[in-house]
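Trainee: Below is the structure I would like to discuss, written out as structure tokens.
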Amino acid sequence: TILKPNPNLVMHSYIISLGGSLIVRVKVDVNFLKRFREIILNHIKESRFIIICGGGKTARRYQEAASGVMKLGSEDLDWIGIHSTRLNAQLIKIIFKNIAHPIVIHNPTEKLKLKDKERVVVAAGWKPGSSTDYDAVLLAKNFRVTQLINLSNVDYVYNKNPKKYPDARPIKAINWKEFRKIVGTKWDPGANVPFDPIASKLAEKLKLKVIIANGKNMENLDEILHGRKFIGTTVG
């Protein structure tokens, strides 16, 4: 069973939900991948990282293209998104080749027996009807990790959409009840929200702490991993 023999692994394990928009912008962001790999390698002596990849713009481009040809249901759109996450996850696994679990995890509830050298576990989308945010919460439950780091392309969660409302204000800390008022209650494939509403509901139930931060700022990620002051929103 995962991590059960050694409680220290729980304490020093991190779930990182890695937004697909960080991996691929107009093209694959090689500089980001290099810096992300460097930061993770700096922490693997004392930590294990479970990294789940989103689909980002790649997923949305494919979803839009398919929808331009014919009308599609949410399950079809979900499958396009899921396979986009799996392509991104394969890329992340490869760049950690020597220290990564050899298989990209699709089922976040699967029990794994990890070797000590497998300090990075890479996961991707699972099945229609949920997002990689939801899968990340399931991974946190499975690995008995109490904190999840969600890396996207925003510095903070805002009280309303800052692209539409100039007076939107950043939030540094918020409880789940108030956060869920912001993100709503329904899951929409390709929706651009700071954290999936269905995932938020489960995270609240599990009393999970989620840090939402800008993954473009790798020094900030380093500060989070060191337990220092950081730029971002803490939920929970």
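Trainee: Which members of region 77-105 meet the condition of being touching a Leu at 6+ places or on another chain (Cβ under 9 Å), open to solvent by 20 Å² or more (accessible area, probe 1.4 Å) and within 21 Å of ARG60 (Cβ to Cβ)?
Mentor: Scanning region 77-105 gives ILE80, LEU91.
Trainee: Considering ILE39, ILE51, ILE44, which residue is at pLDDT below 95, among the aliphatic types (A, V, I, L, M) and closer than 21 Å to ALA213 by Cα?
Mentor: After applying the criteria, what remains is ILE44.
Trainee: Take the residues in region 33-63 that are among the hydroxyl-bearing types (Ser, Thr, Tyr) and closer than 30 Å to ASP78 by Cα, then tell me which one is surrounded by the fewest Cβ atoms within 10 Å (Cβ to Cβ).
Mentor: Filtering region 33-63 for residues among the hydroxyl-bearing types (Ser, Thr, Tyr) gives 47, 58, 62.
Right, trim to closer than 30 Å to ASP78 by Cα and you get 58, 62.
Values: THR58: 21, TYR62: 17.
Here the answer is TYR62.
Trainee: Any residue that is touching a helix residue (DSSP H, G or I) at 6+ places or on another chain (Cβ under 6 Å), more than 23 Å from HIS43 (Cα to Cα), at pLDDT 95 or above and aromatic (Phe, Trp, Tyr) - is there at least one of those in region 181-188?
Mentor: no
Trainee: Let me ask something else about it. Filter region 54-71 down to residues that are modelled with pLDDT under 95 and in a loop (DSSP other than H, G, I, E, B), then give me how many there are.
Mentor: The total comes to 2.
Trainee: Moving on. Give the number of residues within region 119-160 that are more than 17 Å from ASN88 (Cα to Cα) and either in contact (Cβ under 8 Å) with a residue 60 or more places away in the chain or in contact with a helix residue (DSSP H, G or I) (Cβ under 6 Å, 6 or more places away or on another chain) (or both).
Mentor: Counting residues in region 119-160 that are more than 17 Å from ASN88 (Cα to Cα) and either in contact (Cβ under 8 Å) with a residue 60 or more places away in the chain or in contact with a helix residue (DSSP H, G or I) (Cβ under 6 Å, 6 or more places away or on another chain) (or both) gives 21.
Trainee: Can you find, within region 113-125, the residue that is nearest to GLU46 (Cα to Cα) among those that are in contact with a Ser or Thr (Cβ under 9 Å, 6 or more places away or on another chain) and surrounded by fewer than 24 Cβ atoms within 10 Å (Cβ to Cβ)?
Mentor: This residue is ARG119.
Trainee: Another question about this same structure. Filter region 131-154 for residues that are in a loop (DSSP other than H, G, I, E, B) and over 13 Å from the mean Cα position of the chain (by Cα); which is nearest to PRO108 (Cα to Cα)?
Mentor: So the first thing to find is which residues in region 131-154 are in a loop (DSSP other than H, G, I, E, B), and the list is 131, 143-146, 153-154.
If we keep only those that are over 13 Å from the mean Cα position of the chain (by Cα) too, we end up with 143-146, 154.
Working: PHE143: 9, ARG144: 12, VAL145: 13, THR146: 15, VAL154: 26 Å.
The extreme case among them is PHE143.
Trainee: Scan LYS172, LYS216, LYS209 and give me the residue that is out of contact with any Phe, Trp or Tyr (no Cβ under 8 Å at 6 or more places or on another chain) and open to solvent by 10 Å² or more (accessible area, probe 1.4 Å).
Mentor: Details: LYS172 fails: out of contact with any Phe, Trp or Tyr (no Cβ under 8 Å at 6 or more places or on another chain); LYS216 fails: out of contact with any Phe, Trp or Tyr (no Cβ under 8 Å at 6 or more places or on another chain).
Just a single option satisfies the conditions, and that option is LYS209.
Trainee: Checking THR185 against (1) among the polar types (S, T, N, Q); (2) touching a residue at least 24 places away in the same chain (Cβ under 8 Å); (3) over 24 Å from LEU22 (Cα atoms), which single condition isn't satisfied?
Mentor: (2)
Trainee: Another question about this same structure. How many residues, within region 124-182, are within 13 Å of LEU208 (Cα to Cα) and among the polar types (S, T, N, Q)?
Mentor: The qualifying residues number 5.
The values are calculated or read from the model by the stated rules, or taken from the named source; none is laboratory data. Note that the coordinates shown come from a computational prediction; the quantities given were computed from them, not determined experimentally. For neighbour counting, all protein chains shown are included, and Cβ atoms are generated from backbone atoms with ideal geometry for every residue, glycine included. The accessibility values were calculated without ligands, DNA or RNA, using every heavy atom of the protein model including side chains. Shrake-Rupley method; radii C 1.70, N 1.55, O 1.52, S 1.80 Å.
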